[in-house]
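Notes for the one structure printed next.
What follows draws every value from the coordinates through simple rules; no lab data is involved. Model, not experiment: these values are computed from the prediction. FYI the Cβ positions are ideal-geometry reconstructions off the backbone, even for glycines, and counts take in every protein chain you see.
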Amino acid sequence: MLDAKDLVIPDPNCLSATAMEQKAETVGVGKATNEPGRVFMLAIMAGMQIGMGALLMTIVKSDAALSFGLSQLLGGIAFSLGLICVVVAGAELFTGNSLMVMGALSKRLTWGALAKNWVIVWLGNLAGSLVLVAIIFACGTWAMNSGAVGDTMVSVAASKAGLPWLTVFFRAIMCNILVCLGVWMGFAGKSVIDKIFTCIFPVMAFVACGFEHCVANMFFLPIGTLAYANGYGSSVAAAADVLNLSGIVYNISAATLGNIMGGAVFVGLVYWFAYRKKAEK
């Protein structure tokens, strides 16, 4: 049972860490018991939203006048649009749902229900990402900035698909530690501004550091492959070898497993252990 001191809110506008853990469990139970059709539709929305953040990042990074550091920093801020939309508008994101492990550890939801949610959400995120890829293909967005956007799409995709599997895996661990910290801290807030603010810096950090997000890569890799097939990025030497279906599967498999490890273990398990509800004596 929680002690009275555990429930103290240190600030009227912020939940305590113990209250955050209980909120995370409750949210996880709600996700696990939601109708599969609704979950899938919300996952499609999340895939599109993360893809829109990835597209905005690509446009920012296509400006050759920016230094490396500034390009990474501004690209990360631009990418945060995706997680902000997911958290504020309410959608189902595979990486963020790693925190559902808290509810499973407290036996408020079964491991089977957790796995079912993850599978539905992963597939929905993929579907949403591919829908956005099709729309952006029709928009011809890669022609912006005299084709520099298309070249950047190819460069980003090839740099990801060409990484060794274990490198992607460990970068994905780091990525979802940061993403789930953003979602976790968002539980402390009570306003839209609170949620937006907690999303920006962790996302900015993982993008700037070049970490791997499986849902973002569901957009980056297909759009880069299509851009290359349409004549962009011809100067990217590795593109012809890695921008194909096997290269996409190779990257996303490692990113998915690494994201689970980073979010479920290094954030979900750790904060559950530290702030879980105490057993009654």
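Label-to-label distance for Leu166 and Leu66 is 3.3 nm, based on points extended 7 Å past Cα in the beta-carbon direction.
Compute the angle between helix 68-85 and the longest alpha-carbon principal axis of the chain, please, reported from 0 to 90 degrees and rounded to the nearest 10. The angle comes out near 50 degrees. Can you classify the range 1-158 as rounded, prolate or oblate using the Cα gyration tensor, where a ≥ b ≥ c are the square roots of its eigenvalues, rounded means a/c under 1.5, and otherwise it's prolate if a/b beats b/c and oblate if not? Since a/c reaches 1.5 but b/c is at least a/b, the shape of the range 1-158 is classed as oblate. A protection proxy built from the mean count of other Cβ atoms within 10 Å ranks the segments 252-263, 159-170, most packed first, as 252-263, 159-170.
In a fully extended conformation the segment linking Val88 and Ala115 would gain 7.3 nm over its present Cα-Cα distance, using 0.36 nm per residue.
Given Lys31/Lys190; Lys160/Lys190; Lys23/Lys61; Lys160/Lys195, which pairs have Cα atoms separated by over 27 Å?
Numbers: Lys31/Lys190 20 Å; Lys160/Lys190 37 Å; Lys23/Lys61 37 Å; Lys160/Lys195 29 Å.
Distance filter (> 27 Å) returns Lys160/Lys190; Lys23/Lys61; Lys160/Lys195.
What is the angle, in °, between the Cα long axis of helix 17-33 and the longest principal axis of the Cα atoms in the chain? Nearest 10 is fine, range 0 to 90. So the inclination is approximately 70 degrees. Sorted fewest first by neighbouring Cβ atoms within 10 angstrom, Val27, Val119 come out as Val119, Val27. As I understand it, the value is the acute angle between the Cα axis of helix 148-161 and the longest principal axis of the Cα atoms of the chain; what does it come to in degrees, rounded to 10? Around 60 degrees separate the two axes.
Remark: the Ala134-Val270 segment gains 45.0 nm on full extension, using 0.36 nm per residue and subtracting the alpha carbon distance. Of the labelled figures (i) 35, 19, 16; (ii) 26, 23, 18; (iii) 29, 21, 18, only one reflects semi-axes √(5λ) of the Cα gyration tensor in Å as derived from the coordinates, namely (i).
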